[in-house]
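J.: Quick one: the structure is below, questions incoming.
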Amino acid sequence: MPPEEREHHEDGYRGDAVLVFGRREVPVGVELRGFFQPIDGRYHWYGRVDANDEVTALVEGGARTALVRTPTGSATGSLTDPDPWSRYRVSGTSTPPFAVD
């Protein structure tokens, strides 16, 4: 099937969130997207956390997992290395931390 005929519906959220590292809560901005992957039957979500010095310090100190909480949901995500603008990638496989249409 040509790419233009494939249906790939992504949901998303852009706005305020809180990253929870254990008992520590860090308010951040996020841009998140996600989609249902029929191959494994799971919902995959991912995105970027806006540059934040406190998040940088926690991740550099070894924290690689956080609860991502938005006004419409929460889910645990993994944080990976930052991009050149100090934004960390976050991703998870589960019910996402945002409303899905």
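The values are calculated or read from the model by the stated rules, or taken from the named source; none is laboratory data. As the structure is a prediction and not an experimental result, all values here were calculated from the model. Here Cβ is always computed from backbone atoms with ideal geometry, including for glycine, and neighbour counts include all displayed protein chains. The accessibility values were calculated without ligands, DNA or RNA, using every heavy atom of the protein model including side chains. Shrake-Rupley method; radii C 1.70, N 1.55, O 1.52, S 1.80 Å.
J.: How much of the accessible area of segment 28-100, in percent, comes from carbon and sulfur atoms when a 1.4 Å probe is used?
T.: The computed percentage sits at 50.
J.: Between Arg64, Arg24, Arg87, which gets the highest mean-square fluctuation from a Gaussian network model of the chain, Cα cutoff 10 Å?
T.: Comparing Arg64, Arg24, Arg87 in the GNM, the peak value goes to Arg24.
J.: Ok, one more. On a C-alpha basis, how far is the centre of segment 39-69 from the centre of segment 71-89 in Å? Whole number, if you could?
T.: Distance between centres, Cα-based: 3 Å.
J.: I'd like the GluC sites (Glu not before Pro) in the chain restricted to DSSP loop residues with at most 16 other Cβ atoms within 10 Å, sorted by number.
T.: Sites meeting the loop and neighbour criteria: Glu7, Glu10.
J.: Roughly how many Å² is the accessible area per residue of the chain, as a whole number, for a 1.4 Å probe?
T.: Heavy-atom SASA per residue in the chain reads 62 Å².
J.: Using Cα-Cα distances under 8 Å and only pairs 6 or more residues apart, what relative contact order does segment 5-101 have, in percent?
T.: The value is 28 percent.
J.: Moving on. Among Gly29, Gly15, Gly62, whose mean-square fluctuation peaks in a Gaussian network model of the chain (Cα, cutoff 10 Å)?
T.: Top of the fluctuation ranking is Gly62.
J.: So how far apart, in nm, are the two label points at Asp11 and Glu54 if each is 7 Å from Cα heading toward Cβ?
T.: About 2.8 nm, to one decimal.
J.: Would you work out the Kirkwood radius for the chain? I mean one over the mean of 1/r across all pairs of different Cα atoms, in Å. Show your work: numbers first, answer last.
T.: Working: mean 1/r = 0.0711 Å⁻¹.
Here the Kirkwood hydrodynamic radius works out to 14.1 Å.
J.: With n ≥ 4 as the cut-off for DSSP H runs, can you work out [θ] at 222 nm for the chain, using -39500 (n - 2.57) per run divided by the number of residues, rounded to the nearest 500?
T.: Working: 1 runs with 8 residues, N = 101.
Mean residue ellipticity, 222 nm, calculated: -2000 deg cm²/dmol.
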